[in-house]
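Participant: The structure follows.
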Amino acid sequence: MPASIHPLERSLPKGLSLWHLLNIPNLLTLCRVFSIPIFLAFLSKDRFDAAFYIFCAAALTDSLDGTVARWFDCRTELGTYLDPFADKLLLLSAFVALTVMRALPVWLLGVIVIRDVVIVFGYFSLSFFADERIPVRPSYIGKTSTVLQIMCVIGALMRAGGKWQLDWNILLYLTAAVTAASGVHYAYRGLSWLSSREPEMFG
């Protein structure tokens, strides 16, 4: 007698099971998404220590999900799109909340938002013109900007909790510079990708 099939699995494409999608890396990514409202709830109550630990745990899952996916060769297309989405949602939520609380400067939030808007708009524009799905591959400079943004959030939480009173302008300016540079790099890489498929547009 065949084993019973989970109702959600019937709606998935043939050869793709629910448990294939909900593997350990994707579950870690989902945990990062679900931690965001908890993090914001602690921030709203000025419980900076608890918010610090929640954010650090969420940031740790960003490293764990990719490492587990590589070690066990369980990468999925869902994870390819879900992981950067979870990163941006976590960081933007943290930056917006901490900027409203005056723990981070408005200009740094502006740089990050503009870069992300350019990347997202560029991605969908390129997909439209090329009429195909563009592979999502983070660059080293993009990963560096993410690490620096995480450090800024951690620093802001420590400063808000009275645990770090050192000057951190160098970190803020470095984060803004690398974030802007990563946006330019992604734009260049996207245009290069498009020119290889639609050379008449650049002739």
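The values are calculated or read from the model by the stated rules, or taken from the named source; none is laboratory data. Predicted model, so just to flag it, every value in this text is computed and none were measured. Every residue, glycine among them, receives a Cβ derived from its backbone with ideal geometry; neighbour counts consider all protein chains shown.
Participant: Would you check if L157 is buried (at least 16 other Cβ atoms within 10 Å of the Cβ) and either modelled with pLDDT of 95 or more or within 20 Å of the chain's Cα centre (by Cα) (or both)?
Facilitator: yes
Participant: Being modelled with pLDDT of 80 or more, assigned to a helix (DSSP H, G or I), more than 18 Å from Y186 (Cβ to Cβ) and touching a Leu at 6+ places or on another chain (Cβ under 7 Å), is that true of even one residue in region 76-90?
Facilitator: The answer is no; no qualifying residue exists.
Participant: What number of residues in region 41-54 are under 14 Å from V96 (Cα atoms) and either crowded, with 16+ Cβ neighbours inside 10 Å or among the aromatic types (F, W, Y) (or both)?
Facilitator: The qualifying residues number 1.
Participant: Right, here's the next one. Tell me the residue from D49, D73 that is farther than 17 Å from L148 by Cβ, more than 16 Å from the chain's Cα centre (by Cα) and modelled with pLDDT of 70 or more, please.
Facilitator: Exactly one of D49, D73 is farther than 17 Å from L148 by Cβ, more than 16 Å from the chain's Cα centre (by Cα) and modelled with pLDDT of 70 or more, namely D49.
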